[in-house]
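K.L.:
What follows is a structure written as structure tokens; I'll ask about it next.
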Amino acid sequence: MAATACHILNYADDKGKFDELVEDKGVKILIDPKALMHVIGTKMDFVDDKLRILEMVVFPKLKEAVDFWEPHRDTFPIHVWVHAWLPLLGQRLEELYHIIRYKLSNVLWTGCMARQ
């Protein structure tokens, strides 16, 4: 993802010694303990169910990343980092699709108007 005012989600191939691993339906999420407080914010909620992290942390960060996404500048395809969460977030991603469609239509409209 592009570096913006939001936190960055990175891909990792290996689990670090102290990384927290959350896994469900074939999707693995590694959380660096140094970044945990930044991910959660200043509020410390101890959650029994690790998958609630999806709703409390992952989805808000995805939404923030989509809000900051600039399709005319970003070279990394948005479907790669949004659809990776489809098995876990399912219909919840619908909330992001209207923002993505709106931004893409603006870029396409601007491109069409520039050619005329």
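Any read-out appearing in this document is the output of simple, stated calculations on the displayed coordinates, not a laboratory observation. Only a predicted model underlies this, so the values are computations on that prediction, with no experimental measurement involved. FYI the Cβ positions are ideal-geometry reconstructions off the backbone, even for glycines, and counts take in every protein chain you see.
K.L.:
Compute the signed sum of charges (Lys and Arg +1, Asp and Glu -1) over the other residues within less than 14 Å, Cβ to Cβ, of Leu89.
P.N.:
Working: positive: Lys25, Arg52, Lys61, Lys63, Arg92; negative: Asp24, Glu55, Glu94, Glu95.
Neighbour charge sum, excluding Leu89 itself: +1.
K.L.:
Another question, then. At 0.36 nm per residue, minus the direct Cα-Cα distance, what do Leu104 and Asp19 gain on full extension? Give it in nm, one decimal, please.
P.N.:
Working: separation 85, 0.36 × 85 = 30.60 nm, distance 3.56 nm.
So the chain would gain 27.0 nm between Leu104 and Asp19.
K.L.:
Can you tell me the FRET efficiency between Glu95 and Lys34 if r is taken as the Cβ-Cβ distance and R0 is 41 Å, rounded to the nearest 0.05?
P.N.:
Here the calculated transfer efficiency is 0.85.
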